[in-house]
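Heads up, the thing below is written out as structure tokens.
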Amino acid sequence: MMKIPGPPPLDGLRRRISRYRQEASAGGKSDFVRETFCLSRPEARAKAREWFDEFPKAAYWTEVESWRQVEGDRIEFTMRRLPSAD
């Protein structure tokens, strides 16, 4: 009977992850441009739409990175995009 090989060694992947985490904790710069807003619900929708219109998702990887509802009807959210389209 043929022996089934085990999983491949993950040493290289572990080293890359460790190096990435060290660079990030040492203040490594992110490739994304982020901006946080705290606006009323209609203004928040308009601001997000403005970002998607100005920086199309396909070219800039634009997205709402995080959001939460704060007191009243206000939304705090962070928009993220690449600095330039290639």
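Some points to look at:
- Residues of region 55-85 satisfying the condition of being more than 18 Å from the chain's Cα centre (by Cα) and not polar (S, T, N, Q): Val70, Glu71, Gly72, Asp73, Arg74, Ile75
- Restricting region 1-42 to residues that are closer than 30 Å to Arg74 by Cα and aromatic (Phe, Trp, Tyr), the residue that is modelled with the highest pLDDT: Phe37
The values are calculated or read from the model by the stated rules, or taken from the named source; none is laboratory data. Because the structure is predicted, anything quoted here is derived from the model rather than measured.
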